[in-house]
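Trainee: This is the structure, below, for whatever I ask next.
The values are calculated or read from the model by the stated rules, or taken from the named source; none is laboratory data. Computed from a predicted structure; not experimentally measured. Cβ placement follows ideal geometry from the backbone for every residue including glycine, while neighbour counts extend to all protein chains displayed. Areas reflect the complete protein model, heavy atoms only, side chains present, ligands, DNA and RNA absent. Shrake-Rupley method; radii C 1.70, N 1.55, O 1.52, S 1.80 Å.
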Amino acid sequence: MPADPRLSLPDGDWPAYAGRIGDAAARCRDRGLEPVFHHHLGTDVETPEEVERLLDLTDVSLCLDTGHLWLAGGNPVAAIRDWSSRIRQVHVKDASRDVLARIRASGGDLWDLVAAGGFPPLGQGDLDLPAVLAELRRSGYEGWIVIEQDVPAFRASDAEALARAVADQRANRTAFGEALRAAGFA
């Protein structure tokens with residue numbers, strides 16, 4: 001998680017990193033597929049600045065993840081405005097910077113963040129989902145929107161965890177529908 005800039009990819013490593021992404025993208029395109037890059041906490045491309053650098057150094061499209069961008073210090077609405085020509089998929093995910101701060105203060109990692117509810121159901125975190133959807137609409141976005149929620153792994157036999165996950169997905173569906181209406185889609 002981007003708490004310590006010393007853990008970031010060194011400046012001198014970016015050209016080779018971008019080259020590997022370009023090679024992977026070419027392999028996908030050779031097979032008739034158009035790749036997208038998914039930025040994510042706990043990887044070399046987390047922060048808005050790192051996403052910008054990736055976009056500057058490659059021609060690959062972006063899978064915008066609203067929750068991971070928010071927790072990496074970004075603003076999903078501004079990202080849509082700034083990167084709309086490169087966004088080909090969107091993962092709509094809520095997130096809580098308060099939970100992130102608490103986990104960082106305790107020395108926790110990404111898995112601890114997930115377990116602590118750092119990615120709550122839509123409408124229960126910091127994400128302004130109607131604003132995100134309104135900006136997608138304004139930008140003319142016509143790609144996939146995936147409703148996503150990072151949750152701790154659990155066994156299928158864990159009835160309580162399964163019931164919680166099902167309830168969260170029902171809540172996500174309801175919140176998404178309300179946000180679509182608020183953004184003028186329905």
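Trainee: Please specify each residue of region 64-96 satisfying the condition of being part of a strand (DSSP E or B) and open to solvent by less than 10 Å² (accessible area, probe 1.4 Å). Working first, answer last.
Mentor: The initial filter retains those residues of region 64-96 that are part of a strand (DSSP E or B), namely 64-65, 87-92.
Scanning region 64-96 gives Leu64, Asp65, Ile87, Val90, Val92.
Trainee: Regarding Glu50, is this residue open to solvent by less than 60 Å² (accessible area, probe 1.4 Å), in contact (Cβ under 8 Å) with a residue 40 or more places away in the chain and in a helix (DSSP H, G or I)? Before the answer, list the steps.
Mentor: Working: open to solvent by less than 60 Å² (accessible area, probe 1.4 Å): yes; in contact (Cβ under 8 Å) with a residue 40 or more places away in the chain: yes; in a helix (DSSP H, G or I): yes.
So Glu50 fits the description; yes.
Trainee: Separate question: Can you pull out every residue in region 102-123 that is more than 15 Å from Trp70 (Cβ to Cβ) and outside any loop (DSSP other than H, G, I, E, B)?
Mentor: Hits for region 102-123 are Arg102, Ala105, Trp111, Asp112, Ala115.
Trainee: Looking only at region 140-166, filter to residues that are part of a helix (DSSP H, G or I) and open to solvent by less than 40 Å² (accessible area, probe 1.4 Å); which one of those is nearest to Gly118 (Cα to Cα)?
Mentor: First pass over region 140-166, keeping only residues part of a helix (DSSP H, G or I): 159-166.
Going one step further and asking which of them are open to solvent by less than 40 Å² (accessible area, probe 1.4 Å), we end up with 161, 165.
Working: Ala161: 16, Ala165: 15 Å.
Ranking the candidates gives Ala165 first.
Trainee: Further question: For region 33-45, indicate whether the set of residues that are in a helix (DSSP H, G or I) and of a type in the set (Phe, Trp, Tyr) is non-empty.
Mentor: At the first step, the residues of region 33-45 found to be in a helix (DSSP H, G or I) are none.
Looking through region 33-45, none of the residues is in a helix (DSSP H, G or I) and of a type in the set (Phe, Trp, Tyr).
Trainee: Next question, about the same structure. Looking at region 139-176, which of the residues that are among the charged types (D, E, K, R) and touching a residue at least 40 places away in the same chain (Cβ under 8 Å) is nearest to Val36 (Cα to Cα)? If you could, list the steps in order and put the result at the bottom.
Mentor: Taking region 139-176 first, the residues among the charged types (D, E, K, R) are 142, 148, 150, 155, 158, 160, 164, 168, 170, 173.
Then keep just the ones that are touching a residue at least 40 places away in the same chain (Cβ under 8 Å); that gives 148, 150, 168.
Values: Glu148: 17, Asp150: 20, Asp168: 27 Å.
If we take residues in region 139-176 being among the charged types (D, E, K, R) and touching a residue at least 40 places away in the same chain (Cβ under 8 Å), then Glu148 is nearest to Val36 (Cα to Cα).
Trainee: Go through (1) closer than 21 Å to Trp144 by Cα; (2) touching a residue at least 24 places away in the same chain (Cβ under 8 Å) and name the single condition Ile21 misses.
Mentor: (1)
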